[in-house]
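Trainee: What follows is a structure written as structure tokens; I'll ask about it next.
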Amino acid sequence: MKFEEIRSVGVAGAGAMGAGIAQVAAQSGYDVKVVDVSDAAWARAHKTISKSLERLAAKEKITGEQVKEALGRLSFSTDIGTLKGVPFLFEAVFENIDVKKELYGKLDAVCGDDVVYASNTSSLSITEMASLVKRPAKFVGMHFFNPVPMMRLVEVIPALQTEKGTADLALAMAQKLGKTAITCKDTPGFVVNRLLVPYLLDAARILEEGVASAEDIDTAMKLGCGMPMGPFELMDFTGVEIAYYVGEIFHGYTKEARFSPPGLMRNMVKAGYLGRKAGKGFYDHTGK
């Protein structure tokens with residue numbers, strides 16, 4: 001399959017990452033077929049995409065007509081069969097290998113032999129996931145960053161089984177979507193999370209030890225290191241459980257102590273203190 005022949009893409013999963021990928025794909029001129037398990041998931045995603053496009057229009061980065069065109073390229077279904085014939089498919093479902101295994105079994109039953117699977121995983125082994133599909137040579141990792149429309153980086157991760165043509169297609173797709181791509185080996189955390197996750201966990205450790213308050217640690221990293229957000233602001237924004245579970249996954253792969261989340265984060269996840277979406281995380285977000 002030649003890259004210039006791709007006219008449509010599929011997106012499995014309509015959460016924050018799937019919605020973001022669907023938006024940038026639609027803005028790039030692709031017809032985008034989105035699949036998730038419920039209409040409610042798509043209602044949330046469509047609202048998020050619409051607001052994001054409207055903000056861009058308000059800032060005069062795109063026109064009102066371009067907003068309509070992008071929304072018109074999006075379609076949704078709860079029937080995975082609608083992905084039949086899609087040449088390039090982004091997977092952005094829950095970060096759990098059993099969930100992904102079940103999904104790929106269903107995708108293999110309906111998708112063609114030439115389809116490229118691009119997983120947006122941030123922590124799972126691309127090689128392990130490639131082993132779950134009938135055509136592992138057509139499997140590749142494409143790790144986007146949240147929020148997808150704003151963040152310019154994509155990590156492209158070939159599995160051990162990935163053929164060069166598949167990796168080249170992923171790199172071309174990233175460029176088409178307006179992103180800068182880097183290529184990295186299939187190792188825990190790839191590049192960004194390999195560096196970021198220990199940083200976040202260490203921040204929680206020194207908070208747990210009483211070295212400084214969350215506010216002062218955030219201030220220190222913003223003013224002392226030029227970070228746009230402090231570690232606790234970032235975890236509250238993305239979800240405290242994300243950093244916790246990703247750390248657990250990395251620790252399972254590597255057995256390195258630096259990836260083991262501290263007890264404070266474990267208890268926060270158990271208490272449901274997951275950040276902004278829960279109203280409480282490292283900060284109190286109620287009423288905001």
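The values are calculated or read from the model by the stated rules, or taken from the named source; none is laboratory data. Not measured: the values here are computed from a predicted model. Cβ sites come from the backbone with ideal geometry, for glycine too, and all protein chains shown count toward neighbours.
Trainee: Find the residue count for region 145-179, including only residues that are farther than 12 Å from Asn120 by Cβ and among the acidic types (Asp, Glu).
Mentor: Looking only at that region, the number is 2.
Trainee: Something else: Check Ile49 against each of (1) surrounded by fewer than 22 Cβ atoms within 10 Å (Cβ to Cβ); (2) β-branched (Val, Ile, Thr); (3) in a helix (DSSP H, G or I) and name the one condition it does not meet.
Mentor: Evaluating Ile49 over (1) surrounded by fewer than 22 Cβ atoms within 10 Å (Cβ to Cβ); (2) β-branched (Val, Ile, Thr); (3) in a helix (DSSP H, G or I) leaves (1) as the failure.
Trainee: While we're on this one: Going through region 83-103 one residue at a time, which ones are among the β-branched types (Val, Ile, Thr) and touching a residue at least 60 places away in the same chain (Cβ under 8 Å)?
Mentor: Val86, Val93, listed by residue number.
Trainee: Which one of these is touching a residue at least 60 places away in the same chain (Cβ under 8 Å) and over 20 Å from Glu102 (Cα atoms): Val9, Val32, Val67?
Mentor: That would be Val9, the only listed residue that is touching a residue at least 60 places away in the same chain (Cβ under 8 Å) and over 20 Å from Glu102 (Cα atoms).
Trainee: Also: From the set of residues in region 113-137 that are assigned to a loop (DSSP other than H, G, I, E, B) and of a type in the set (A, V, I, L, M), which is modelled with the lowest pLDDT?
Mentor: Looking at the filtered set, the residue picked out is Leu124.
Trainee: From the list Gly272, Gly230, pick out the single residue that is in contact with a helix residue (DSSP H, G or I) (Cβ under 6 Å, 6 or more places away or on another chain) and farther than 15 Å from Ala204 by Cβ.
Mentor: Gly272
Trainee: Just to verify a result, which residue in region 1-46, among those that are in a helix (DSSP H, G or I) and among the β-branched types (Val, Ile, Thr), is farthest from the chain's Cα centre (by Cα)?
Mentor: Per the criteria, the residue is Val24.
Trainee: Separate question: Of the residues Lys164, Lys101, Lys134, Lys138, which single one is over 24 Å from Gln23 (Cβ atoms), buried (at least 21 other Cβ atoms within 10 Å of the Cβ) and in the same structural domain as Gly15 (by TED's automatic domain parsing)?
Mentor: Lys138
Trainee: Of the conditions (1) of a type outside the set (A, V, I, L, M, F, W, C); (2) surrounded by 15 or more Cβ atoms within 10 Å (Cβ to Cβ); (3) within 21 Å of Met17 (Cβ to Cβ); (4) free of Cβ contacts under 8 Å to residues at least 60 places away in the same chain, Thr238 fails just one. Which one is it?
Mentor: If we test Thr238 against (1) of a type outside the set (A, V, I, L, M, F, W, C); (2) surrounded by 15 or more Cβ atoms within 10 Å (Cβ to Cβ); (3) within 21 Å of Met17 (Cβ to Cβ); (4) free of Cβ contacts under 8 Å to residues at least 60 places away in the same chain, just (4) comes out false.
Trainee: Using the structure shown, decide if Thr219 is polar (S, T, N, Q) and in a loop (DSSP other than H, G, I, E, B).
Mentor: Against the criterion (polar (S, T, N, Q) and in a loop (DSSP other than H, G, I, E, B)), Thr219 does not qualify.
Trainee: So which residues in region 226-275 are closer than 20 Å to Arg194 by Cβ and in contact with a His (Cβ under 9 Å, 6 or more places away or on another chain)?
Mentor: Ala257, Arg258, Phe259, Ser260, Pro261
Trainee: For His143, only one of the following conditions fails: (1) under 14 Å from Val9 (Cβ atoms); (2) crowded, with 20+ Cβ neighbours inside 10 Å. What is its number?
Mentor: Just one mismatch for His143, condition (1).
Trainee: Regarding region 180-190, can at least one residue be identified that is in a helix (DSSP H, G or I) and either out of contact with any Pro (no Cβ under 6 Å at 6 or more places or on another chain) or over 29 Å from Leu124 (Cβ atoms) (or both)?
Mentor: No.
Trainee: Let me ask another. Only one of Val140, Val148, Val211 is part of a strand (DSSP E or B) and out of contact with any Asp or Glu (no Cβ under 8 Å at 6 or more places or on another chain). Can you tell me which?
Mentor: None of the other options fit; the residue is Val140.
Trainee: Mind listing whichever residues of region 267-279 are touching a Phe, Trp or Tyr at 6+ places or on another chain (Cβ under 7 Å) and either surrounded by 18 or more Cβ atoms within 10 Å (Cβ to Cβ) or within 12 Å of Ile242 (Cα to Cα) (or both)?
Mentor: Val269, Gly275
Trainee: Tell me, yes or no, whether region 18-40 has at least one residue that is of a type in the set (Asp, Glu), at pLDDT below 95 and either closer than 22 Å to Ile157 by Cα or buried (at least 19 other Cβ atoms within 10 Å of the Cβ) (or both).
Mentor: no
Trainee: Moving to a separate point now. From (1) more than 21 Å from Phe144 (Cβ to Cβ); (2) surrounded by 20 or more Cβ atoms within 10 Å (Cβ to Cβ), pick out the condition that doesn't hold for Val246.
Mentor: Among (1) more than 21 Å from Phe144 (Cβ to Cβ); (2) surrounded by 20 or more Cβ atoms within 10 Å (Cβ to Cβ), Val246 violates only (1).
Trainee: Identify the single condition in (1) more than 19 Å from the chain's Cα centre (by Cα); (2) surrounded by 14 or more Cβ atoms within 10 Å (Cβ to Cβ) that Gly85 does not satisfy, given that it satisfies every other one.
Mentor: The one condition Gly85 does not meet is (2).
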